[in-house]
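One structure is given here, and the rest of the page talks about it.
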Amino acid sequence: TSQRRFRIAAIPADGVGAEVVAAGRTVLDALAAASGGAFAFDWTEFPWGSDYYAEHGVMMPDDGLATLQDFEAIYFGAVGWPTVPDHISLWGLRLRICQGFDQWANVRPVHFLPGVVSPLRKADDTELDWVVVRENSEGEYAGLGGRNLSARGAGGEVAVQSALFTEVGCERIIRFAFELARTRARKKVSSVTKSNAQQYGMVLWDDTFRRVASDYPDVETESVLVDAMSAKFVLHPEDLSVVVASNLNADILSDLGSALAGSLGLAASANLNPERRYPSMFEPVHGSAPDIAGRGVCNPIGAVGSAAFMLDHLGLHDEAARLGKAIEATTGAGVMTPDVGGTATTADVTQAIIDHL
Ligand code: NAI
Ligand code: MG
């Protein structure tokens, strides 16, 4: 039988991104080595990020997307470093890839891992197992607007930042959320907006949600305003299954969710182009963590969990499940980095995951 080879682009980028991508690659290569030659990964690593910016004045080359188009998936670390303004680094690399490749669905699960203690006492004995589905192509991150430095004279600068909502964009992410809910034990979709205050785009979202919901009578629904939903995350996590929200709201809620589950360092995510016209991108939820970068103590589990999503996307479903179990066995055995109260290093956790495979 012939070996299946997967061409993967690795973009570690900045800060702990390099450490967690290295960890994830080690785990994936160990999995491939154990497959008895059934599959292997052909990695190409790109040095794009804030150091690249210092040298070239851009976060990635102009033809970067054309280069990435040939890969089956992209494995991403994190972008952002104090030497480059955050809006330049984020727009120049991560958002450019997400939007350029129409990775319109950003899937971010939140659940407890064995042995990890939630910072919220109440949450420890509450069920917490949900998926944040983030609209990833438009909304508040459409990049529409401008600054007018001169219109009103010195000190009178004006800026406009508009959010873009299209019926097509709303419908596809909402439908995605309903399809995902059907695969889960709890068949429920919670839609999040702020449509009382934002009366155009978010009312379009709400109307679309109501219309799409009628195609899924077997799925329970609710519409919750984002401020109320942030309280609900804390007080009633057991009442959530799939949470679908716009780009900004889901970005905020998924950091809150991963903190409730123990640490931002645990949270995995997939940026999917569900039509598979472009490569999808797999990355931890967290950023480049300059406060702990370079010390070998960052938590690799968010990145390794994202690698499990990548396996699923590549059709390696058994391997993805095995990797999930190995992560659980590792935290269950108490091998954890300082962000979740342990003393293990990034390398210790990585090795423990490999041992449990
Ligand atoms: P951050 O997620 O980098 O860090 C927030 C806190 O979580 C810090 O205390 C950090 O030490 C901790 N943390 C993050 N990842 C961790 C890990 N793997 N293990 C243990 N602890 C971890 O967010 P922050 O500080 O707001 O942003 C830092 C930089 O990252 C900025 O330049 C920002 O623009 C960028 N950023 C990039 C993202 C991306 O590439 N997807 C997402 C969020 C922020
Ligand atoms: Mg974020």
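For the chain, the 222 nm mean residue ellipticity estimated from helices alone, with every DSSP H stretch of n ≥ 4 adding -39500 (n - 2.57) and the total spread over all residues, rounds to -11500 deg cm²/dmol. Restricting attention to the chain, close to 40% of DSSP beta bridges with both partner residues there are antiparallel. Among DSSP beta bridges lying fully in segment 118-261, give the percent that are antiparallel, nearest 5. The antiparallel fraction comes to roughly 30 percent.
Counting charges near L264 (Lys, Arg +1; Asp, Glu -1) among other residues having Cβ under 9 Å from its Cβ returns a value of -2.
Calculate the length of the line joining the C-alpha centroid of segment 324-348 to that of segment 10-85, in whole Å. Using only Cα atoms, the two centres lie 23 Å from each other. Estimated from the Cβ-Cβ distance and a Förster radius of 45 angstrom, the FRET efficiency linking T183 and A54 is about 0.50. Among the lysines of the chain, pairs at least eight places apart or on separate chains and with Cα atoms under 19 Å apart come to 4. With K and R counted +1 and D and E -1, the other residues having a Cβ less than 11 Å from that of Q198 yield a net charge of -1.
Peptides 95-101, 150-156 ranked from most to least packed, by the mean per-residue count of other Cβ atoms within 10 Å: 95-101, 150-156. Distances over 23 Å make up what percent of all Cα-Cα pairs in segment 1-139? More than 23 Å apart: 50 percent of the Cα pairs in segment 1-139.
Between amide H atoms placed 1.01 Å from N, distances below 5 Å from R4 occur with F39, A40, all of them 5 or more places distant or on a separate chain.
Counting other Cβ atoms within 10 Å, which chymotrypsin sites (Phe, Trp or Tyr not before Pro) in segment 184-223 have at most 14 and lie in a DSSP loop? For chymotrypsin sites (Phe, Trp or Tyr not before Pro) across segment 184-223 that sit outside H, G, I, E and B with at most 14 neighbouring Cβ atoms in 10 Å, the list reads Y200. Seen from every direction in turn and averaged, the convex hull around the alpha carbons of the chain projects onto 19.6 nm². The packing ranking of peptides 255-261, 159-165, highest mean first, is 255-261, 159-165, where packing means the average number of other beta carbon atoms within 10 angstrom of each residue.
The simple spin-label model puts a point 7 Å past each Cα toward its Cβ; for D239 and Y200 those points are separated by 3.3 nm.
If R0 is taken as 45 Å, the Cβ-Cβ distance between L164 and S2 corresponds to a FRET efficiency of 0.50.
Bear in mind that the values in this text are calculations on the coordinates, not laboratory data. These numbers come from a predicted model, not from an experiment. Heads up, the Cβs are rebuilt from the backbone with ideal geometry, glycines too, and the neighbour counts pull from every protein chain shown.
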